[in-house]
Amino acid sequence: MVHSLRQRDILKLARAAGWVEVEDLAQRFEVSAQTIRRDLGELADQGLLDRVHGGAVLVAGVSNLGYEARRVLHESAKDRIGRSCASMIPDNSSLILNIGTTTEAVARALLEHRNLTVVTNNMNVANTLIDNESCEVIVAGGIVRRSDGGLVGDLTSEFLANFKVDFAVVGCSALEMDGDVLDFDLAEVRVSRTILRQARTRLLVTDLSKLTRTAPVRMGSLADMDAVVTEAPLPDELQDRCAGWGTQCVTEALRNGETDAG
């Protein structure tokens, strides 16, 4: 239950824009930033918003958050995941990166790699890796989704089916405790399934907040992945499932030399 008119108005603003910022709200309602942070915390406790650095975003349901909201959501965790995933990809490799803000974090972490061939249906990934002069970037054809720079559709899948790469790096919108990997857009999921089929090694990159989210379209299962890369260890139950499937569980701690629990 929303406790104040201000919190109700904050929730309306979040629903309209997808996210809200502490400083903007403090000015709008003429209260302190501390008061706004308390409001956001109470709304988050009720499951109505997710806290992020500097503000909050809507909790995802049957439709995805807007790109800008997703970009700032758990940004630090995504950066750690990006570094961990990039450490698994050697120089002189070929890979496909799909749509998503976590795969974009992987792209940023690949800027110092040498002699990569990167195929992507993510315009943001392509724009990032242009700065790596040692990286050949190949962009898939298809319909550009203006909301986030993703390319989707049958043409995209047909294009990606022409490649056989060392690594596929894919993100997701939700992860179930039974290992199911979920997303919102069926057209995007079809492309991601093609990407996974065209790779020798399949890596899922996802922060652990995805375990608290839902999405309606099944991309596949962690059983289909060679590794899942997260910012912290998966719950024990899911690690046990991964061990049975032969799916490696990778965190930044493991990247730095600790023992793999999964």
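The values are calculated or read from the model by the stated rules, or taken from the named source; none is laboratory data. Computed from a prediction, not measured in an experiment: that's the story for all the values here. Because the Cβ atoms are built from the backbone with ideal geometry, glycine has one as well, and the counts that use them run over all protein chains shown. SASA here: full protein model, heavy atoms, side chains in, ligands and nucleic acids out. Shrake-Rupley method; radii C 1.70, N 1.55, O 1.52, S 1.80 Å.
In the stretch 1-38, of all residues being acidic (D, E) and out of contact with any strand residue (DSSP E or B) (no Cβ under 9 Å at 6 or more places or on another chain), the one that is farthest from K78 (Cα to Cα) corresponds to E30. A search for C-beta distances below 8 Å between a residue of the stretch 125-152 that is acidic (D, E) and any residue that is crowded, with 20+ Cβ neighbours inside 10 Å and assigned to a loop (DSSP other than H, G, I, E, B), counting only pairs 6+ apart in sequence or on different chains, returns D148/I99.
Residue-level analysis places E30 among those that are farther than 26 Å from T212 by Cβ and either among the acidic types (D, E) or touching a Pro at 6+ places or on another chain (Cβ under 9 Å) (or both). Screening the candidates M177, M219 for the property of being out of contact with any Gly (no Cβ under 9 Å at 6 or more places or on another chain) and closer than 13 Å to G100 by Cβ yields one hit, M219. I need the full set of residues from the stretch 14-38 which are within 24 Å of the chain's Cα centre (by Cα) and of a type outside the set (F, W, Y), in order please. Of everything in the stretch 14-38, those that are within 24 Å of the chain's Cα centre (by Cα) and of a type outside the set (F, W, Y) turn out to be A14, R15, A16, A17, G18, V20, E21, V22. For residues that are open to solvent by less than 10 Å² (accessible area, probe 1.4 Å) and among the hydroxyl-bearing types (S, T, Y), scanning just the stretch 94-111, find the one that is nearest to V137 (Cα to Cα). Filtering the stretch 94-111 for residues that are open to solvent by less than 10 Å² (accessible area, probe 1.4 Å) and among the hydroxyl-bearing types (S, T, Y), the one nearest to V137 (Cα to Cα) comes out as T103. For the structure I just gave you, tell me whether L211 is outside any strand (DSSP E or B), more than 23 Å from V118 (Cα to Cα), open to solvent by 40 Å² or more (accessible area, probe 1.4 Å) and of a type in the set (A, V, I, L, M). Here the answer is yes, as L211 does meet what is asked. Of everything in the stretch 15-35 that is touching a Gly at 6+ places or on another chain (Cβ under 9 Å) and at pLDDT 80 or above, the residue that is nearest to C172 (Cα to Cα) is V20. If the condition is being in a strand (DSSP E or B) and open to solvent by 10 Å² or more (accessible area, probe 1.4 Å), then the stretch 222-248 contributes only Q248.
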